[in-house]
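Okay, structure first, notes after.
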Amino acid sequence: MAERVSFDRVAAVYDETRGLPPTPMAKAIGVLAEELQGKAVLEIGVGTGRYAVPLQKSGIRVVGVDIAPKMVARGLEKGLRNVVFADGARLPFRDGSFDAVTTNHVLHLVPDWRVVLTEAHRVLRPDGVYFSLFERHKELSLTDRYREVAKALGYERMDEGIHERDFPKILRPSRLVIVAKYLEHVPSKDALDTIERKLYAFLWKVPDDLHRQVMRLLRNEFEGKDLDRSFDLEIAFWTRDRLAELARSPA
């Protein structure tokens, strides 16, 4: 079994460094609450319950799976319920247990992400769906610019798996919903400081000397400037049959 990445080391700052702005978040929850009403939902990598908590408060039956007790503890403080500690590649549920399965900002850290999708396929009912939420940014994000610079310096393996946001390029979703268009320009300082502190999981294996080198280049490029962090918030849905195709993809 592939090594797993626990987010416990950033549990205390996870929500403030990853959270969506309130307006697009509320729109996404509204769309999903209507879509999932009366259905049993599984979130693999539930973490602090960013999505699960507001969905549960909207009356949706969500079961969360995670490996990080400190992350889940933060979720429990916010009202998270129904969490099982388990590996997404070995789900402790019977075949056909759920109407919907979701992962969000998880699979880029999972080398055997296809196994996770295969498990998601197994626990879905025949008419079930897999879905994921992601931001489609107007400009290259600072984290992706970091990846570019590190790669140019010879560091190739930034992400172990694949980003859910890239799935639509691999296999067209059964349905794609743009739930919000958000416009935002912010000073670069906080984003640069967050990356400097290695608060994102993809940075944890980057050697410190390389990290310092990349940060010098990023600060020369962005310090004192505003970042365009405008994005479209999308929800992509794949039917169970199409999820099987996605799990078999060579990407």
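Details
- Counting beta carbons within 10 Å around each of Thr48, Thr118 and listing the fewest first gives the order Thr118, Thr48.
- Cα gyration tensor category, rounded, prolate or oblate, for the range 1-138 with a/c compared to 1.5: rounded
- Working note: Karplus 6.51/-1.76/1.60 with θ = phi - 60° gives the range 93-105 the couplings 10, 6, 4, x, 8, 10, 8, 8, 10, 9, 10, 9, 6 Hz, where Gly and Pro are set to x.
- Note on Asp226 and Lys151: the model spin-label points, each 7 Å out from Cα along the C-beta direction, lie 2.9 nm apart.
- Built amide H within the under 5 Å cut-off of Ala40, gap 5+: Asp99, Ala100
- Judged by the mean number of other Cβ atoms found within 10 Å, the most tightly packed of the peptides 93-101, 124-132, 155-163 leads the ranking 124-132, 93-101, 155-163.
- Extension gain for the segment Phe93 to Asp241, taken as residue separation times 0.36 nm less the Cα-Cα distance, is 51.4 nm to one decimal.
- Here Lys151 is the anchor, and the aspartates and glutamates within straight C-alpha reach of less than 18 Å, apart from those fewer than 8 places off in the same chain, are Asp159, Glu160, Glu196, Asp208, Asp209, Glu221.
- Virtual spin-label span in nm between Asp190 and Val13, 7 Å along Cα→Cβ: 1.3 nm
- Comparing the range 17-65 with the 2.2 N^0.38 Å rule of thumb, its C-alpha radius of gyration ratio is 1.08 (two decimals).
- Selection from Gln37, Leu107, Thr194, by position along the positive dipole direction of the chain (Cβ): Gln37
- Karplus-derived 3J(HN,Hα), 6.51/-1.76/1.60, for each residue of the range 12-21, Hz, glycine and proline x: 5, 10, 4, 4, 6, 9, 10, x, 6, x
- Less than 5 angstrom separates the built amide H of Ile162 from those of His108, Leu109, Val110, all sequence-distant by 5 or more or on a different chain.
- Gain upon complete extension [Thr143, Leu183; 0.36 nm per residue less C-alpha separation]: 12.6 nm
- Panel values: the chain, Kirkwood radius from alpha carbon pairs, Stokes-Einstein at 25 °C and 0.890 mPa s, translational diffusion coefficient 130 µm²/s.
- About the Cα centre, charge dipole magnitude for the chain (Lys/Arg +1, Asp/Glu -1 at Cβ), debye: 340 debye
- Length added when fully stretched, Gln213-Arg4, from 0.36 nm per residue minus Cα-Cα: 72.5 nm
- Cα gyration tensor shape for the range 183-251, rounded if a/c is under 1.5, else prolate or oblate: oblate
- Taking only the Cα atoms of the range 99-234, the radius of gyration and Dmax are 17.1, 53 Å.
- The C-alpha atoms of the chain define a longest principal axis, and helix 208-222 lies at about 80 degrees to it.
- C-alpha long axis of helix 22-36 to longest principal axis of the chain, angle in °: 20 degrees
No value in this document is a laboratory result; all are computed from the given coordinates. If you're wondering where the values come from, they're calculated on a predicted model, not measured in any experiment. FYI the Cβ positions are ideal-geometry reconstructions off the backbone, even for glycines, and counts take in every protein chain you see.
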